[in-house]
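See structure below.
Throughout, read-outs are computed from the coordinates displayed, never taken from laboratory work. What you see is a predicted model; the values in this text were computed from it and never measured. Reconstructed Cβ throughout: ideal geometry from the backbone, glycine too, with neighbour counts over all protein chains shown.
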Amino acid sequence: MTSIRDANQLKMAGLIEPEELETIEQVIKKFSVSLSPQLIETFNSSNDINRAGLLKQFLPTEAELEITETELKDPIGDTRYTTVKGVVHRHADRCLLMPITACPVYCRFCFRRESVGQKSPALTKDELQTAYNYIAEHKEIWEVIITGGEPLILKPKTLREILSHLALIEHVEVIRIHTRVPVLEPKRITNELIKALKINKAIYVAVSVNHPGEFTPEAIKACASLADNGISMLGQTVLLKGVNDDPKVMGQLMRTLVKNRIKPYYLHQADLAEGTSHFRTSIEDGQQLMKTLREQHSGLCQPTYVLDIPGGFGKVPVGANYIESKDILACEKGSYQIRDQKGKLHNYKN
């Protein structure tokens, strides 16, 4: 079985109807598609609920041809803050390093959908050296976030070389890797890859996962391999309409992350990427979902709900606010009204 990369293959696999072929071809001309053999296996073995949650994330649809006035080609300002090829330095103490812009699977809501899967998917050795030089020259960089594209599709030897170069830079104390591989391509989590991740720096693997159906037995085993080898894992999730905006689904996902030793880190408001309006909820809906999570689930299951301000101004928390009022007419001067998880107000003296 090979990866599905065009509309005709989608039709042959029974994932789209014949009458959809022409429309989906238009979508794929603008936004890359790729469904890996492992993902197809997961689709075929999933129950109806999990299958629906997975298909919506990866299957191109006509809705992507609708581009709203607010949507942007570069919604989080990567271009604005690209200092040398492959390096985005938006925040003083950390930078992104993007050694590759290809993925085995393309998410339909990706905020880099205009650039992933295009020409020149990987940095050359010279381009990587220029990136290392930039990071070494900027002593304020404390953390390097390796992202892309999908960094864990690099050969373990290549990944080890990148990590070893970064480890030689004294002021870089933390390296974070953003990936979908442990859940979508778990067969890639080999002993050789795990060995490549073990360097003399703090390494965090941030696993992007949006639906509990992504935790197949193979994915659970891959995550256990990472955790058993002392690799700390964080969970990142995008809030997606029709995928995980139901509190029961989100609650199950957060518990599954924690159960598999992955600490929920961020819940992202879906970015203003072109052709993704059908995925976005309102912020108010996201805040209500966070209130429900707080009421029903352990503190371990609470991600920080964040919005990446369009234009490259960074992430800000937009979670529920439990301070209802500090009006001196409502309570004593210097006091607040705090609403508890059951909705009852309490006075709190500052």
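In table form, for the structure just shown:
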quantity: Rounded FRET efficiency, nearest 0.05, which uses the C-beta distance separating S335 from I199 and R0 of 51 Å; calculated: 0.50
quantity: For the chain, the Rg and Dmax computed from alpha carbons only, in angstrom; calculated: 21.3, 69
quantity: Inverse of mean 1/r across different Cα pairs in region 251-347, Kirkwood, Å; calculated: 15.5
quantity: FRET E, pair K241, F313, Förster distance 30 Å, beta-carbon r, rounded to 0.05; calculated: 0.80
quantity: Gain on full stretching of the segment that runs from L21 to E161 - 0.36 nm per residue minus C-alpha separation; calculated: 46.1 nm
quantity: Ranked S45, S36, S277, criterion: other C-beta atoms within 10 Å, fewest first; calculated: S45, S277, S36
quantity: Among the listed pairs K248/K342; K29/K73; K291/K342; K155/K263, those beyond 21 Å (Cα-Cα); calculated: K155/K263
quantity: Relative compactness, region 209-309, computed as alpha-carbon Rg over 2.2 N^0.38 Å; calculated: 1.08
quantity: Net charge over other residues, Cβ less than 14 angstrom from the Cβ of V174 (K, R count +1; D, E count -1); calculated: -2
quantity: Long-range amide H partners of I145 with built H, under 5 Å; calculated: C95, L96, L97, R176
quantity: Residue exposure sequence - M254, M1 - by fewest surrounding Cβ within 10 Å; calculated: M1, M254
quantity: Backbone N under 20 Å from the Q9 label point (7 Å along Cα→Cβ), restricted to region 55-74; calculated: 55-62
quantity: Among A13, T23, L54 - extreme Cα towards positive end, dipole of region 7-65, charges at beta-carbon; calculated: L54
quantity: Likely footprinting exposure, D74, D126, fewest C-beta neighbours within 10 Å first; calculated: D126, D74
quantity: Loop sites in region 49-141: GluC sites (Glu not before Pro), DSSP, at most 11 other Cβ within 10 Å; calculated: E69, E140
quantity: Farthest toward positive dipole pole in the chain [+1 Lys/Arg, -1 Asp/Glu at C-beta], among A102, T237, Y348; calculated: Y348
quantity: Two-site FRET efficiency, T61 against K259, from Cβ-Cβ distance with R₀ of 30 Å, rounded to 0.05; calculated: 0.40
quantity: Cα convex hull of region 7-65, projected area averaged across orientations, nm²; calculated: 3.9
quantity: Gained length - N347 relative to E69, 0.36 nm times residue gap less alpha-carbon distance; calculated: 95.7 nm
